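Visitor: Below is the structure I would like to discuss, written out as C-alpha cells.
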Amino acid sequence: MKKLVLRFLIVFLIIPHVHSQYGSIELNTGGFSFIPLFTSNKPHFVLRAGTNDTKRFSLNLINLIMMDRFHPANYSLITRYKLVDKKFKLKIGIQLPGYRLFENEDYKARHVEELRASLSINPKTDLLFLYLHAEGKNFEMINNFYSLYLKKTFKKLITNSQFYILFTSLEPNSPYGIAQKISYQLKEKISLNFFINKSLTSDIFNKTFGIQFHF
C-alpha cells in the first residue's frame, strides 16, 4: 500500500514540471467521482495535475487518497486527444491505467474510454456532454455513463449543473440523478468547492465541501 502511495505521489510531483498548465491539491469532506453515485462520504485529499490543454494531446492525473491512514481510493491517469477545437469542442480519452480501492475492498483495476463534447453558447455559458465506457480488468464490470452539464461562469463563481444516467452490469436497474458543483475563487490560487448529488432512483444524497490550492 505504501508503495502505491509513493508511486502516485512521484507521478503527481513530476507531471506539473513537464509542460504542465495546472496542478492542485484539495482537502475535501468527500471523494469526488466523475460518476456521482460513486462519490465517497469520507474525507479525502484530491490531487490533480495536467499538461497544456491548448495542445492536441493532454495528460491528466486525478488521485484520491483518504485522509484516514492515507489510504489510496481512486486513481486515474488520462490521456486525451482533441478532435475538434472550435466553438464546438470534441475530445476522446483513455485512462492509463485506472483503479478503485476503498476500505475493506479488493484492488479493482479498470479500463476506461471517454468522449467529451462542449458547445459555447455565450462567453458565460457552456453546454457539455460526457460519455464514459468502463470495463473491469480483474473483476466483472461493464459501465456506460452518460452526463449532460450546463456550465455558468459569473466572475469568481462557476456552477456546473449535471444530469446523469448509468447503465451498469453491477445493478439490475439503471440509476440516474442530478448533481450540482459550485466553485468560488477565494484568492488567486485558492478556491472553494461545493458538490451535491441526488439520486432519483435511490435515497443517495451526497454533499461534499472542499478547499483547493492551485500551483
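Throughout, read-outs are computed from the coordinates displayed, never taken from laboratory work. Everything numeric here is computed off the predicted structure, so don't read it as measured data. Counting neighbours? That spans all protein chains shown, and the Cβs are built from the backbone with ideal geometry, glycine included.
Visitor: So what's the gap between the Cα centers of region 142-170 and region 48-121, to the nearest angstrom?
Guide: Using only Cα atoms, the two centres lie 15 Å from each other.
Visitor: Just list whichever of Lys91/Lys187; Lys89/Lys137; Lys152/Lys189 have alpha carbons separated by over 22 Å in the model shown.
Guide: Lys91/Lys187; Lys89/Lys137
Visitor: Quick one: longest stretch of the chain between exposed loop GluC sites (Glu not before Pro), exposed meaning at most 10 other C-beta atoms within 10 Å and loop per DSSP?
Guide: 1-104
Visitor: Quick one: Cα convex hull volume of the chain, Å³ per residue?
Guide: Each residue corresponds to 122 Å³ of Cα convex hull volume.
Visitor: Right, next: Can you give me the convex hull volume of the Cα atoms of region 124-215, divided per residue and expressed in Å³?
Guide: So the per-residue hull volume is 124 Å³.
Visitor: Ranked by Cβ crowding within 10 angstrom, fewest neighbours first, how are Val46, Val84 ordered?
Guide: Val84, Val46
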